[in-house]
Amino acid sequence: MTDSMEKKQAQQQLHDEWLQVESLDLDAQGVAHKASGMVVFIEGALPFEEVQLQVQRRKNNWEQGTVTAIRRESAQRVRPGCPHFGLHTGACGGCKMQHLDPTAQVAVKQRALEDNLWHLGKVRPENMLRPLEGPAWHYRYRARLSVRHVVKKGTVLIGFHERKSRYLADMQVCPVLPAPVSAMLMPLRELIGSMDARDTCPQIELACGDAPDGAGLGVIALVLRHLEPLSPEDIARLRGFAVAHSGVQWWLQAKGPETARPLESGEPMLAYQLPEFGVTMPFKPTDFTQVNASINRALVGRALRLLDVQPKERVIDWFCGLGNFTLPLATRAREVLGIEGSATLVARATENLARNRPAAPGRGPLAPTSFVARNLFEMTPSMLMADGTADKWLVDPPREGAFALAKALADLHQEPDLTKDGWTPPRRIVYVSCNPSTLARDAGLLVHQAGYRCTFAGVVNMFPHTAHVESIAVFDRP
């Protein structure tokens, strides 16, 4: 037998080996070990299953592949809710965990949060919060849908990319989108296919608002990215589509997001409700808002309860965006300062403040509130002190985290001589994170260098069926 034949036979035996799946990583791959001790990552496998796989990638100390057979199935395995989910050719790559019970998905994310906090930040929360969960389907009020006219297939595709591919999935429905939007996918494909500009419209950005009474879906904004000016006939086709589909309004975007404009003047404004605080938040479809409106309402409520703001306290909301937390804080605090890196968002937050400033049913007028633009990735101790003493902080950074902010706070703790004019650090910080690794890094700074304890932490299931982990943590000074 030649060396190549022996090698091939050995590989075939490895493929046939039954493996015990030990855990699930955040890419929803089962993690197992071969008899040799090699780590194996297995797409489609769940913890406690016995599986075989087809190896697709091999390195010196790990392999990665796809499950081919299951001898013992997990009790947490469920039937996926979408026909486009799976390991088959052409499967949609938008979701990764539909084969796992939603409650078990949350447990995986909670474990990921705890592991990141300990392994990256050497922080163990004193208390774990109960996970925040909401609807598992039809929750996604925002999405960026790619558009492609596929000449060889004689059709237009609209949706997410295929699993591990640059090609678009042939999506006919999408049950994580609101039901009316999912039902609109095929009509949208027909619309774009009928247009003169079908080859120069690469993207439709979806943004949904709440109904005016806060009960259910309101405006459905579709932002069409077009690389060339649209013909009068195409404009007429878009208008006809909006008439035929209740609640739809078209926006046209010729270049960057700042160029997005409504097709029709006088359209109802997109907005979402925070009824616990009597706040309505208008927004443009290109503004950043949370994907999951139901979970966002629950998250804002939990964050403010954890912060426990009192009427005599001053609060700073870092990375405040449109004022998602700032305006609710203004219903509780003596004074609120919102700080954001984008001057455009500061202007939008100021507009939202003006709209909500008068007293509303169930609440009085908002506390004195202001917004400023600041580069939060270049914070220094002196910049931190310039914004004044606050009793409490709310921090809600992007995926990059709030390292410069935490570092400036740590520097002031390590070198108290730097402080002036009676500046003191906040007694409590509530940190909302969309990336557990950067949260863990910043938590390490706050706990080990800035004098805080991590008193609470927990996950927020903002994106069911995906690997995305949203979380919240509380830091207190002794």
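Taking 15 Å as the straight-line reach from the Cα of K122, the aspartates and glutamates in range (excluding those fewer than 8 positions away in the same chain) are E114, D442.
What does the charge add up to near G388, with Lys and Arg as +1, Asp and Glu as -1, over the other residues with Cβ less than 10 Å from its Cβ? Charge balance in the 10 Å sphere: -2.
For Rg and Dmax of the Cα atoms in Å, the value calculated from this model appears in (i) 25.1, 86; (ii) 27.2, 106; (iii) 21.6, 70 under label (i). Put a dot 7 Å past the Cα of R58, heading toward its Cβ, do the same for R427, and the two dots end up 6.2 nm apart. Based on protein heavy atoms only, the chain ends up with 45 Å² per residue of surface accessible to a 1.4 Å probe.
Annotation note: trypsin sites (Lys or Arg not before Pro) in region 275-335 located in DSSP loop regions with a Cβ neighbour count of at most 12 within 10 Å are K312.
Taking a straight Cα-Cα cut-off under 26 Å and skipping sequence neighbours fewer than 8 places away in the same chain, the lysines within cross-link reach of K420 are K312, K392, K407. Taking region 371-389 and a reference point 7 angstrom along Cα→Cβ of A343, the backbone N atoms nearer than 19 Å belong to 371-379.
Each residue, A373 and T350, gets one label point 7 Å from its Cα in the Cβ direction; the gap between the two is 1.0 nm. Straight-line reach from K284: taking Cα to Cα under 16 Å and skipping same-chain neighbours fewer than 8 places apart, the aspartates and glutamates in range are E205, D210, E258, E264, E267, E351.
Could you please report the charge total around E205, scoring K, R as +1 and D, E as -1 over all other residues with beta-carbon less than 9 angstrom from its beta-carbon? Spelling it out: positives minus negatives among the neighbours equals +3. Under 14 Å from the Cβ of Q310, count the other residues' Cβ atoms, weight Lys and Arg +1, Asp and Glu -1, and hand me the total. Spelling it out: positives minus negatives among the neighbours equals +4.
Could you tell me which residue out of I235, C174, M195 lies farthest along the dipole of the chain toward its positive end? Charges go on the beta carbon: Lys and Arg +1, Asp and Glu -1, centred on the Cα centre. My answer, from the dipole projection, is C174. Heavy-atom surface analysis with a 1.4 Å probe gives the chain a carbon and sulfur content of 53 percent of its accessible area.
Of the beta bridges DSSP finds with both residues in the chain, what % are antiparallel, to the nearest 5? In the chain, DSSP labels about 65 percent of beta bridges as antiparallel.
The values are calculated or read from the model by the stated rules, or taken from the named source; none is laboratory data. Since the model is a prediction, treat every value here as computed from it, not as a measurement. Virtual Cβ from ideal backbone geometry, glycine too; neighbours counted across all protein chains shown. Please note that ligands, DNA and RNA were not included when accessible areas were found on the heavy atoms of the full protein model with its side chains. Shrake-Rupley method; radii C 1.70, N 1.55, O 1.52, S 1.80 Å.
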